[in-house]
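Asks: First the structure, which I've put down as structure tokens, then a few questions once you've had a look.
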Amino acid sequence: MSKHGSSPKTNDFGTTPIIAPQVRDHLKKYNYDVVEYLCNGSTCSVYKIIDQGRKRFAAAKVMEIAKLPALVREQLLPNELSIVRQIQHTNIIRTEQVFSLTAYAVIVTEFATDGDLITYIEGASQPDLISAKRWFVQVTQALKYLHGKGIAHRDIKAENVLLFGQIAKLADFGYAICCLDNKGEIMLCTSCCGTLEYKAPEILICTTPYNALISDCFSLGVLLYVLVTHQFPFGSGDDIRTTSGLKALYNGITHKAWQPNDIIARQYRLHCLLCQLLNPDIKERISAAQALEHQWIVEYKDVK
């Protein structure tokens, strides 16, 4: 499979962008030195840095505010900076510092020692069910924690799961949003965020406001399918990024057209869990908390 939804190693700065002096000098004040450029997303560049005091690596996500689209600058970035300051969980990437400079926003996080989940999958010869279950449980635990706070991630995908040996951590809160109003009631979303291969059907059509917490759980189901098959359940790549491809993608989801591989076919409870997460009916789709109570998970407590 390919890294659909991931970003190329180029941006406005070229293949190896130099970190802005203002950002470099500010990091230096906090005892961080820049080691190397790692990659870029659609709105940021990511650098490997080292904490000279504690002699350990970290990652710095750098966003140049003036170059951000209006939606990101005015809504998504403030959401992200607020959310990463308030979350703390074993299976969520740890934020060490958040810097709001005049022209840049910088988020410093712990450094993923073993890369991301999609890189692991692409390098593996075949699915590893034990590791798949362990990492799925860990991501689901992170999602249950977020949803308990009323926070939707809105971009659950293998690229956003970072690995630390046997521990998986959910990362990248660029699309995250708090879905609770001042009274603690769920607010529906209207913006269609996320990566196409992982989008819930209600986001694909996006004609009415949707509950992003429920939509996250469909993406979680896609992630589980990817973990146990190394394929996408409803298609991927350029084929689904056309008018006819989008229509076929939506039809495939609504008709539950995903196919089990040998692992799923041999595991009835796994098949049932996928059916419940990949359910196009939001009234029947299960939550992250319910997924953790599913018999396929409960019968393998040792992998938690």
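The values are calculated or read from the model by the stated rules, or taken from the named source; none is laboratory data. No experiment lies behind these values; they were computed from the predicted model shown. As a convention, Cβ positions derive from the backbone with ideal geometry for all residues, glycine included, and neighbour counts pool all protein chains shown.
Asks: Show the residue pairs meeting these rules: Cβ distance below 6 Å; 6+ apart or different chains; first residue within the range 167-184 and within 26 Å of residue 134 (Cβ to Cβ) and modelled with pLDDT of 95 or more; second residue assigned to a loop (DSSP other than H, G, I, E, B) and of a type in the set (Asp, Glu).
Replies: 175/155
Asks: Next up: Scan the strands (runs of 3 or more DSSP E) fully inside the range 83-193 and keep the ones with 3 or more residues being over 14 Å from the mean Cα position of the chain (by Cα).
Replies: Per the criteria, 95-100, 104-110.
Asks: Test residue 132 against the criterion of being farther than 16 Å from residue 39 by Cβ, surrounded by 19 or more Cβ atoms within 10 Å (Cβ to Cβ) and not assigned by TED's automatic domain parsing to the domain that holds residue 262, and give yes or no.
Replies: No: the conditions fail for residue 132.
Asks: Which one of 218, 232 is out of contact with any Pro (no Cβ under 8 Å at 6 or more places or on another chain) and aromatic (Phe, Trp, Tyr)?
Replies: 232
Asks: So, one more: Would you check which residues across the range 42-71 are out of contact with any Phe, Trp or Tyr (no Cβ under 7 Å at 6 or more places or on another chain), touching a residue at least 40 places away in the same chain (Cβ under 8 Å) and among the aliphatic types (A, V, I, L, M) and list them?
Replies: 71, the sole residue that qualifies.
Asks: Of the residues that make up the range 120-142, is at least one in contact with a Ser or Thr (Cβ under 6 Å, 6 or more places away or on another chain), among the hydrophobic types (A, V, I, L, M, F, W, C), within 30 Å of residue 270 (Cα to Cα) and modelled with pLDDT of 95 or more?
Replies: no
Asks: Further question on the same structure: Which one of 253, 264, 214, 297 is assigned to a helix (DSSP H, G or I), at pLDDT below 95 and among the hydrophobic types (A, V, I, L, M, F, W, C)?
Replies: 297
Asks: Exactly one of (1) under 29 Å from residue 147 (Cα atoms); (2) at pLDDT 95 or above; (3) of a type outside the set (Lys, Arg) is unmet by residue 4. Its number?
Replies: Condition (2) is where residue 4 drops out.
Asks: Scan (1) loosely packed, with under 14 Cβ neighbours inside 10 Å; (2) under 17 Å from residue 226 (Cα atoms) for the single condition residue 267 breaks and write down its number.
Replies: (1)
Asks: Next question, about the same structure. Can residue 71 be described as at pLDDT 95 or above, in a helix (DSSP H, G or I) and outside the structural domain of residue 153 (by TED's automatic domain parsing)?
Replies: In short, no.
Condition check ((1) out of contact with any Ser or Thr (no Cβ under 6 Å at 6 or more places or on another chain); (2) within 24 Å of residue 141 (Cα to Cα); (3) buried (at least 20 other Cβ atoms within 10 Å of the Cβ)) across all residues:
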| site | (1), (2), (3) |
| --- | --- |
| 203 | no, yes, yes |
| 222 | yes, yes, yes |
| 227 | yes, yes, yes |
| 238 | yes, no, no |
| 248 | yes, no, no |
| 257 | yes, no, no |
| 261 | no, no, no |
| 281 | yes, yes, no |
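Asks: Go through the residues of the range 214-230 one by one and say whether even a single one is without any contact (Cβ under 8 Å) to a residue 40 or more places away in the chain and within 20 Å of the chain's Cα centre (by Cα).
Replies: No: zero hits.
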